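The values are calculated or read from the model by the stated rules, or taken from the named source; none is laboratory data. As the structure is a prediction and not an experimental result, all values here were calculated from the model. Here Cβ is always computed from backbone atoms with ideal geometry, including for glycine, and neighbour counts include all displayed protein chains.
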Amino acid sequence: MNRRQFLKSALFTTIGAVVLSACKKVTTATKSLADKVFTKKYKDIDVSLIGFGMMRLPLKDGEPDIEKLQGMVDYAIEHGINYFDTAWFYHGGKSELATGTVLSKHPRNSYYLADKMPLRILKDKSEVIPIFEEQLKKCQTDYFDFYLTHNINKREWETLKQCNVYEQLLEKKKEGKIKYLGFSIHDVPELLEEVVNTYKWDFVQLPINPIDWKTVDAKRQYEIATKAGLPVVVMNPLKGGQLSTLNEKSAEILKKEKPHDSLSSWSLRYAASLPNVFVVLSGMSEPEQVTDNVKTFTNFTPLTDKEQEVLANAITAYNSSGAVSCTYCQYCDGCPVGIDIPKNFLIYNQYKATAKKDRLIIAYEAIKEENRADKCINCGICKAKCPQKLDIPSLLKEISETYKSLK
């Protein structure tokens, strides 16, 4: 079965029930009031199909801009967005604090809050519960609706088992401090299968977008989760913002088909069209992004066959540009020589999207010398951290050499 055929069979109707299979649960999609975003039934609750990711918050002087964020969150909740996702590492540990501050202005039963156990900092099982309790305080809440073990990979999978993370979080679930327990993962399908088969989970968070569907086999991961009866939360639907801008040729393809729809709306609808997906997370940094997402999901419709073809053509045009498949997640932070890896990739991708050599030269020279790609010592630390499995040292070398050739 090709991708088009698979997605065609996967589309759910906008009103009614979708039966995944005899051994899977029935997922019912319902529509709220006319001015509210589309919701889906998860177990016995109605969750907004679009979720607010608190990973890319608006900033002011390098800190989360609470006043601006408050307005964005207020607007989101007013229009039916009720799923908010934060984590220990986001914004250097400040996302949870910001999330707690802005959500505390609203009744606790008006939203669902998701947070995550930071596996990569755990050294001993005695640290699990103190971290969890600290997260509750930072988020100004008594419980988490959705709680995940964060970013499982081979190393963190061993940490999870050795530190009895699942068992300890299960106790918190029994205490009512966790309603639904899940995990997020950026790794190969084989590891996902092992995680799914080792413990009993309520849901899973996966990276799904039109690029990753093939390049990192997101399709197979989605199918593994669906077969296991695990509803899916989608992360990276816009691949770190790449699918919000694309390049001139790919953007033209989408705009010709739907001139009044944002580029972002295509990939968000792509992920939301899968029947086993109950939330698509979107990191929102500006009020305009919130209003656009509300517009997209207030009158949500799955992608049609024709739209699938148009989007596929646009992605083919974008991939031919040679852009780096980076989501700017910043998991590669901590370069021993101080290279700002996401910023180098960002300016390189902007160059690939526009083919304007002056843009690359000016942007590259605006980076502090100690943070530039040419300072790479090829230690490989970043490569081991990258959830996209990018050969970062080689890509940094490519950026450096491209700059020199253009200069």
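Data for the structure
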| quantity | calculated |
| --- | --- |
| Members of the range 229-243 that are over 15 Å from SER267 (Cβ atoms) and part of a loop (DSSP other than H, G, I, E, B) | GLY229, LEU230, PRO231 |
| Residue that is surrounded by the fewest Cβ atoms within 10 Å (Cβ to Cβ), among those in the range 87-113 that are free of Cβ contacts under 8 Å to residues at least 40 places away in the same chain and not in a helix (DSSP H, G or I) | PRO107 |
| The one condition in (1) of a type in the set (Lys, Arg); (2) surrounded by 18 or more Cβ atoms within 10 Å (Cβ to Cβ); (3) modelled with pLDDT under 95 that ARG120 fails to fulfil | (2) |
| Residue in the range 318-328 that is within 22 Å of ILE50 (Cα to Cα), in contact (Cβ under 8 Å) with a residue 12 or more places away in the chain and touching a helix residue (DSSP H, G or I) at 6+ places or on another chain (Cβ under 9 Å) present | yes |
| Matching residues, the range 330-366, being part of a loop (DSSP other than H, G, I, E, B), surrounded by fewer than 16 Cβ atoms within 10 Å (Cβ to Cβ) and touching a helix residue (DSSP H, G or I) at 6+ places or on another chain (Cβ under 6 Å) | VAL337, GLY338 |
| Among (1) surrounded by fewer than 14 Cβ atoms within 10 Å (Cβ to Cβ); (2) modelled with pLDDT of 95 or more; (3) closer than 21 Å to CYS332 by Cβ - the single one GLY62 does not satisfy | (2) |
| Selection within the range 114-143 - assigned to a loop (DSSP other than H, G, I, E, B) and basic (Lys, Arg) | LYS123 |
| Some residue of the range 277-285 being over 17 Å from the mean Cα position of the chain (by Cα) and closer than 18 Å to ALA76 by Cβ | no |
| Criterion: polar (S, T, N, Q) and farther than 25 Å from PHE297 by Cβ - qualifying residue of THR149, THR99 | THR149 |
| For LEU303: the one exception among (1) in the same structural domain as LEU119 (by TED's automatic domain parsing); (2) crowded, with 16+ Cβ neighbours inside 10 Å; (3) more than 23 Å from the chain's Cα centre (by Cα) | (3) |
| Matching option when the condition is over 29 Å from TYR351 (Cβ atoms) and either over 18 Å from the mean Cα position of the chain (by Cα) or of a type outside the set (Lys, Arg) (or both), among LYS227, LYS256 | LYS227 |
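Quick grid of which residues meet (1) at pLDDT below 95; (2) under 19 Å from the mean Cα position of the chain (by Cα):
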| residue | (1), (2) |
| --- | --- |
| ALA10 | yes, no |
| VAL19 | yes, no |
| GLY53 | no, yes |
| LYS68 | no, no |
| GLY71 | no, no |
| ALA76 | no, yes |
| ASN82 | no, yes |
